[in-house]
Each structure stands twice: as structure tokens, then as C-alpha cells.
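Since every read-out is calculated from the coordinates, none of them should be taken as a lab result. No experiment lies behind these values; they were computed from the predicted model shown. Note that each Cβ is placed from the backbone with ideal geometry, even for glycine, and that neighbours are counted across all protein chains shown.
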Amino acid sequence: MLKKQFSKKVFIYFLIISFAFFLDRISKIYILNLAESSGAVNIPLTSFLNFILVWNTGIGFGLFSFDGSTMYNLITILIVIVNLIIVYLMLTSNDIRGYLFSIILGGSLGNLFDRLYYSAVPDFIDFNYNNYHWFVFNVADIFISVGIMCLIFVELFFNKSNISNEK
Amino acid sequence: MKNKIAFFVFLLFILNSCQSLKDGLTGKKRDNSDEFLVEKKNPLEIPPDFEELPEPKNKEIEDISESIDENVEELIDSISDKGNEITKSNDSSAEEFVLEQLNQN
């Protein structure tokens, strides 16, 4: 019975990871095809949203964007290790956190695939307001950010309930 | 709880790949300053085993090349002499023509 429940849980995790990964891949393939056909991507969609293709060789928020391959490989190895930790946390979680970890893992695998295949991650969603541009990101980043934000909220909420139970 | 939240923030930084538009378009300044470093080359020197190199043994080839050089020089001199004669003759006839015209006037 427990084994069946576990396999069902893993199947749902797999579906969530696949959904996040393939949605990210489709969006990136679409943008890269546009870039191949027109040379560059710079599409103003609305007054506050543009599609503009930039490549990131570092980590989040443009950190560690170096030319050296050693640093790049070290970061990639670190990301692989972090992904394995997330897989472990996902499989050992018995509440909503497991689903949130699977959302994060789906996005993270999308970015990891680009790091290995293109040696850089394509970013293309550019939000701006009054000429102030937020960091350019992609669909995988949305999944990762939303998953982590929700995890932080859940952590805060669960801890509060634990504290109230202790009282 | 603090450790967990710190870990989640670490995940946010390490797994995300967003970057600022300016860095993405212009390329971030690199710490590596070696791109303009010019490698200094050593001055030219005679190789250490230069004197051990074998000398050319076939002197006939040198003689033939010297004789060809001499022939070519002679040929060039003869052509230039002829050219001078031609120009001199032309110059003299022109002078005579001009003097005749002046005298007629």
C-alpha cells in the first residue's frame, strides 16, 4: 500500500517535472528559432514587456559570469549536486513541499540542459517600467522562483503551526 | 528554520539564470586583464650550432650564377647606353630646329 502510494507520488512528481521542463524547452526553442531566422531577438510586446535574447554563463542575477571554463565547469558541477539534493528532498517529503521541489527541479533541469548543450542559458523575458529593467529571465526561472517563494512561505507557515502546537 | 530559508535563498541564486539586461547586451567586465598583454619576444641571436652547419661544396653553381649576373649587368648597361644616344640625338635635332626657327624670325 505504502509502495503504491510512493510510486503514485513519484509519477505525479515526474509529470510536474516534465511539464516544467518541456514548457521551458518549447519557449527557448521558439526564441532561438526566431533568433536564427532574423539574426537577433528584440520584440517589444507591450509597454512593459519585451522579448530580448541574452545569454547567461553565470548563475542567478548575472553573478559569476566569467570567461574561464574552469569557473563555469565548477558552477555546473555545483548545480548538478544541488539538483541531486533537491531530488533527495523531493522524495523524502510527504507534504506539499515535495510538489514544490518538483516544480523547482523541472525548471532547474531546463537551465542545466542549456548549460550543458549551449554552454550558456538563454534569457529572453524583459520586464521594464519607466526605463528601469528587471533582470532578464526565462520560463525555467519562473518555475524556480515561484517554487522557492512558495517553499519559504510554507516553511514559515508550518513553523508557526509547530510553535502554536508546542504552546 | 533560518537554515532552511537560507538554503532556499541559496537555491534561488544558484538555480536561477536571470541577468541584468545591460550585462547581457554589453558583456560584463571581466577580471582578466591579460587580453592586452603583449608577449615580449627575445632578440634575434645566432644559433649556438651555427658554425657546425656544413658549407656548400658545389662551387660550379656559384660560378655559373656569378657569370649570369655579369651578363645581365652588361646587357643592362648596353641598353642604357643606346637609350642615351637616342635621346641625345633627339635633343640635338630639337635644339637645331628651335635655333633655325629663331634665326628665321
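Can you give the local net charge around B:Phe8? Use residues other than it whose beta-carbon is closer than 13 angstrom to its beta-carbon, Lys and Arg +1, Asp and Glu -1.
On the way: positive: A:Arg97, B:Lys2, B:Lys4; negative: A:Glu155.
That works out to +2.
Specify which residue in the list A:Val139, A:Tyr88, A:Phe6 is farthest towards the positive end of the charge dipole of segment A:2-166, using unit charges on the beta carbon of Lys, Arg (+1) and Asp, Glu (-1), about the Cα centre.
A:Phe6
What distance in nm lies between label points placed 7 Å from Cα along the C-beta direction at B:Phe7 and B:Glu96?
Going by the 7 Å Cα→Cβ label model, 11.7 nm.
With the contact rule set at Cα under 8 Å and sequence spacing of 6 or more, what percent relative contact order holds for segment A:70-167? Each step should come with its number before you reach the end.
Values: 75 pairs, mean separation 23.8, N = 98.
Averaging sequence separation for qualifying contacts and normalising by length gives 24 percent for segment A:70-167.
Among A:Ala35, A:Ala120, A:Ala20, whose mean-square fluctuation peaks in a Gaussian network model of chain A (Cα, cutoff 10 Å)?
A:Ala35
Please give the charge dipole size of segment A:1-136, origin at the Cα centre, charges +1 on K and R Cβ atoms and -1 on D and E Cβ atoms. Round to the nearest 20 debye. Can you show the working numbers first?
On the way: 8 positive and 7 negative charges, 157 e Å.
Taking the Cα centre of segment A:1-136 as origin, the dipole is about 760 debye.
Determine the shielding of peptide A:144-154 by partner chains: average, over its residues, the number of Cβ atoms on other chains within 10 angstrom of each Cβ. Write down the numbers at each step before the final one.
On the way: counts 7, 4, 0, 4, 10, 2, 1, 6, 5, 0, 1.
Going residue by residue through A:144-154 and averaging, the value is 4.
Is the shape of segment A:36-158 best called rounded, prolate or oblate, per the rule: a/c under 1.5 gives rounded, else a/b larger than b/c gives prolate, else oblate, with a ≥ b ≥ c the square roots of the Cα gyration tensor eigenvalues?
Working: a/c = 2.28, a/b = 1.35, b/c = 1.68.
It comes out oblate by the Cα gyration axes.
Rounded to the nearest 500 deg cm²/dmol, what is the calculated helix-only ellipticity per residue at 222 nm for chain A, with -39500 (n - 2.57) per DSSP H run of length n ≥ 4? Could the numbers behind the result be given before it?
On the way: 4 runs with 111 residues, N = 167.
Helix-only estimate at 222 nm: -24000 deg cm²/dmol.
With a cap of 14 neighbouring Cβ atoms within 10 Å, and only residues DSSP puts in a loop, list the chymotrypsin sites (Phe, Trp or Tyr not before Pro) found in segment A:96-159.
Listed in order of number, the matching sites are A:Tyr118, A:Trp134.
To test your reading of the geometry: what angle, between 0 and 90 degrees and rounded to tens, separates the Cα axis of helix A:96-117 from the longest principal axis of chain A?
Here the helix axis deviates by roughly 30 degrees.
Shielding of A:20-29 by partners, i.e. mean partner chain Cβ atoms within 10 Å per residue? The partial results should precede the final answer.
Values: counts 0, 0, 0, 0, 0, 0, 0, 0, 0, 0.
For this peptide, the per-residue mean of nearby foreign Cβ atoms is 0.
Going down the list A:Lys28/B:Lys2; A:Lys3/A:Lys28; A:Lys9/B:Lys4; A:Lys4/B:Lys2, which pairs span over 31 Å between their C-alpha atoms?
Values: A:Lys28/B:Lys2 35 Å; A:Lys3/A:Lys28 37 Å; A:Lys9/B:Lys4 23 Å; A:Lys4/B:Lys2 34 Å.
The answer is A:Lys28/B:Lys2; A:Lys3/A:Lys28; A:Lys4/B:Lys2.
Mind giving me the FRET efficiency for A:Phe48 and A:Lys4? R0 is 51 Å, r the Cβ-Cβ distance, nearest 0.05 is fine. Present the calculation step by step, with values, prior to reporting the outcome.
Working: r = 48 Å, r/R0 = 0.94.
According to the calculation, E is roughly 0.60.
If you take the beta carbon distance between A:Ile29 and B:Asn42 as r and set R0 to 41 Å, what does 1/(1 + (r/R0)^6) give as a FRET efficiency, to the nearest 0.05? Walk me through the numbers on the way to the answer.
Numbers: r = 53 Å, r/R0 = 1.29.
Efficiency at R0 = 41 Å is approximately 0.20.
Using the basic label-point model (7 angstrom from Cα toward the beta carbon), what is the A:Leu91 to B:Glu55 distance in nanometres?
That separation, rounded to one decimal, is 8.3 nm.
Under the definition of Cα pairs under 8 Å and six or more residues apart, what whole-number percent is the relative contact order of segment A:2-166? Don't skip to the answer; put the middle values down first.
Values: 188 pairs, mean separation 45.9, N = 165.
Contact order relative to length: 28 percent.
Which whole number gives the average count of other chain Cβ atoms within 10 Å of the Cβ atoms across peptide A:76-84? Display every interim value, and only then the final one.
Numbers: counts 0, 0, 1, 3, 0, 1, 5, 2, 0.
Mean partner shielding for this stretch: 1.
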